[in-house]
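The values are calculated or read from the model by the stated rules, or taken from the named source; none is laboratory data. As the structure is a computational prediction, the values presented were derived from the model and not from experiment. Methodologically, a virtual Cβ is constructed for each residue, glycine included, from the backbone with ideal geometry; neighbour enumeration extends over all protein chains shown.
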Amino acid sequence: MNDTTPAIETIGLRKVFGDKVAVEDLSLRVERGEVFGFLGPNGAGKTTSVKMLLGLSAPTSGRGLLLGSPVGTASALRKVGFLPEHFRFHDWLKAHEFLFVHGRLYGMNGQALKTRVPQLLDLVGLTAHSEKRLSDFSKGMLQRIGLAQALLNEPEVVFLDEPTSGLDPLGRRLVRDIIRDLKTRGTTVFLNSHLLSEVEVTCDRVSFVKHGRVVQTSPLKSLMNGLLHVEIRAQKITPDTIAGLRRWSPTVDATGERIRLELSEETFLPEIHRYLVQQGADVYSVTPQRISLEELFVQIVGSEVGL
Amino acid sequence: MRTVRIIAGLTLREAVRRKIVLAALLMGSVFLTVYAVGFYYINQDMTREAGVAPLIAFKEMRNFILMAGLYVVNFLTMGMAILTSIDTLSGEISSGTVQTLVAKPVRRWEIVLGKWLGFVVILTLYLLLMGGGVIGAVLAISGHQAPKPLLGLSLIWLNAVLVLNLSFFGGSRLSTLANGVLAFGMYGIGFVGGWIEQVGWLAQKQAAVHVGIVSSLLFPGEAMWKRAAHELQTPLVKALGVSPFSFQSPPNNVMIGYAAFYAAVVLLLAVRKFGQRDL
């Protein structure tokens, strides 16, 4: 195992429950140090995919490697951290005991944990609650301690399944900061999330899954740069002028003094502006609007309601 | 083995934290107190009437009360085995608690074995407290000692372990409630079978004896109690067969071997299922 092996590599991973196909064909490659977003509607097989990668669920067919080791083996998990979606812990443990026990399961010794546990409690802002039992924790606090648990062994890959679902805005910012911090350390982050705004600011690359199949994988930057929505407010526009805009945009949607365009490149903006002026229009504003990941999500996976 | 130790420790700590140990100690003390006080007065009355009955009857009487105490201890230990362990696998699977454990660089069998070891420690201590308490109280108050107390307790222990392993077996594949039904149901089959066999023996009905043997094979827990009772019995009662705790056909050593084998297989099946299933 060396550092050039991908963090995650799967070929045709498939999971069938009875006659229900949960994951049709998962073929993925996540490089080391990437923050990878795994997006899809409910029931698309995201959690099942993560479970297969972590050996919680045996694939029906296909194969996968985690840090170079076959998924489902103990050695694959040595340098992996995991925060499950529906995290539940032994809630009769105190916060620091919980981290201690899980650290020992990673094979860490008591000495190492004596420094690591307080560090992590501090990182997730729970130092003051170290002596509290988890049964007295709020959902957000549990999520934080769960996150700390996923980072105990200074993992090379961290799986976060909906890590911000129970958190207030401060908690969400904390998760975002932790993910950024992991990225600067070169840690690979595999992020399952519905909160696309989170994905938008943290991920390098995203995959869209639908019906248990990866339908598109792209760097977030190119996705977000892909289409530029522009709203123009202008007067004295003739139908000819509007027709002429099709040079730059396949769709031209004009109502009154507002025109909406979809551009593939930002450099078209000054050209359009010049054109409009030359055509004798009075231009009040040209406002580029980045397409949000949410719109993109709907475009790619379709608007059908998830299961 | 490191993981096994960690999980066993966690299981023990859970029993302490969730006040299972406290409740068991408390109720155990009450039980032993009631038992000792009761035995004290019965014994005092017997001694007072020493002139009337022959000395040998005292010994039998004392042993009978001892057996009654151990019968309850056998039942309580068996109940403890089921109630404490019934949701340890199924509960943690359904709640998802097990996910963060299994996603560590550990082997699943280590988790099952660790939990099992934790419960065996709890059961052993409980049995030593309760069984030792009953035997000790009788000894201290009357000077009467049961024949082969260690062998008797060991067989009661094996009964509890059988039930424990069955609860692991069910817990690795069933919901907690279904597992409870399975464990108690199996115990019930063994239990009623034991009595059918006994009655069959007394009434010389071979078919009933066969039914009893088959049910003991289905679940050999009660058979272990029967053998324990046989070992703890005084020779006279053994010979006469006049007590509800004396059995005409005590299970033989093959049955004990079968019970140990049964326990091992059931635990192995639990380990296997837990190792393969989706969590």
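Here are the numbers for the structure shown:
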quantity: Residues that are in contact with a strand residue (DSSP E or B) (Cβ under 9 Å, 6 or more places away or on another chain), basic (K, R) and surrounded by fewer than 14 Cβ atoms within 10 Å (Cβ to Cβ), drawn from region A:222-249; calculated: A:K236, A:R246
quantity: Subset of region B:17-26 that is in a helix (DSSP H, G or I) and exposed (fewer than 13 other Cβ atoms within 10 Å of the Cβ) - its residue that is farthest from the other protein chains (Cβ to nearest Cβ); calculated: B:L26
quantity: Qualifying residue in region B:4-21 (condition: of a type outside the set (K, R) and more than 30 Å from B:L269 (Cα to Cα)); calculated: no
quantity: Test: residue in region B:200-221 that is of a type in the set (F, W, Y), touching a helix residue (DSSP H, G or I) at 6+ places or on another chain (Cβ under 8 Å) and not in a helix (DSSP H, G or I); calculated: yes
quantity: Any hit, region B:38-46, residues being at pLDDT 90 or above, within 26 Å of A:V101 (Cα to Cα) and among the aromatic types (F, W, Y); calculated: no
quantity: A:A128 touching a Leu at 6+ places or on another chain (Cβ under 6 Å) and either crowded, with 20+ Cβ neighbours inside 10 Å or among the aliphatic types (A, V, I, L, M) (or both); calculated: no
quantity: Hits in region B:95-152 (condition: outside any helix (DSSP H, G or I), of a type in the set (G, A, S) and within 14 Å of chain A (Cβ to nearest Cβ)); calculated: B:G96, B:A103
quantity: Residue under evaluation B:G132, criteria (1) within 24 Å of the chain's Cα centre (by Cα); (2) surrounded by 21 or more Cβ atoms within 10 Å (Cβ to Cβ), criterion not met; calculated: (2)
quantity: Residues of region A:30-88 classified as assigned to a strand (DSSP E or B) and without any contact (Cβ under 8 Å) to a residue 60 or more places away in the chain, total; calculated: 5
quantity: Selection count where residues are on the phi > 0 side of the Ramachandran plot and not basic (K, R), scope region B:140-162; calculated: 1
quantity: Any hit, region B:239-253, residues being at pLDDT 90 or above and in contact with a Gly (Cβ under 8 Å, 6 or more places away or on another chain); calculated: no
quantity: Residues located in region A:244-278, provided they are within 12 Å of A:I232 (Cβ to Cβ) and assigned to a loop (DSSP other than H, G, I, E, B); calculated: A:W248, A:S249, A:G256, A:E257
quantity: Matching option when the condition is touching a Lys or Arg at 6+ places or on another chain (Cβ under 7 Å), crowded, with 18+ Cβ neighbours inside 10 Å and not small (G, A, S), among A:V252, A:V214, A:V209, A:V201; calculated: A:V209
quantity: Set B:L32, B:L101, B:L66, B:L76: member being buried (at least 18 other Cβ atoms within 10 Å of the Cβ) and farther than 30 Å from B:K148 by Cα; calculated: B:L101
quantity: Subset tally (residues that are surrounded by 21 or more Cβ atoms within 10 Å (Cβ to Cβ) and of a type in the set (D, E, K, R)) for region A:36-72; calculated: 2
quantity: B:T88 being within 14 Å of chain A (Cβ to nearest Cβ), crowded, with 20+ Cβ neighbours inside 10 Å and within 20 Å of the chain's Cα centre (by Cα); calculated: yes
quantity: Residue selected from region A:73-87 under the condition within 16 Å of B:V98 (Cα to Cα) and surrounded by fewer than 18 Cβ atoms within 10 Å (Cβ to Cβ), by the criterion farthest from the other protein chains (Cβ to nearest Cβ); calculated: A:E85
quantity: Residue in region A:31-46 that is in contact with a helix residue (DSSP H, G or I) (Cβ under 6 Å, 6 or more places away or on another chain) and within 13 Å of another protein chain (Cβ to nearest Cβ) present; calculated: no
quantity: Cβ pairs under 9 Å, 6+ apart, first in region B:264-279 and under 17 Å from B:F119 (Cβ atoms), second part of a loop (DSSP other than H, G, I, E, B) and of a type in the set (A, V, I, L, M, F, W, C); calculated: B:A270/B:L89; B:F274/B:L89
quantity: Single condition A:L293 does not satisfy, out of (1) out of contact with any Leu (no Cβ under 7 Å at 6 or more places or on another chain); (2) touching a residue at least 40 places away in the same chain (Cβ under 8 Å); calculated: (1)
quantity: Within region B:4-16, considering residues that are facing another protein chain (nearest Cβ under 7 Å) and out of contact with any Lys or Arg (no Cβ under 7 Å at 6 or more places or on another chain), the one nearest to B:K115 (Cα to Cα); calculated: B:L10
quantity: Test for A:S69: is it within 14 Å of chain B (Cβ to nearest Cβ), within 20 Å of B:T11 (Cα to Cα) and of a type in the set (S, T, Y); calculated: no
quantity: Only listed residue being farther than 30 Å from B:D278 by Cα and in contact (Cβ under 8 Å) with a residue 12 or more places away in the chain, chosen from B:G180, B:G170, B:G221, B:G188; calculated: B:G221
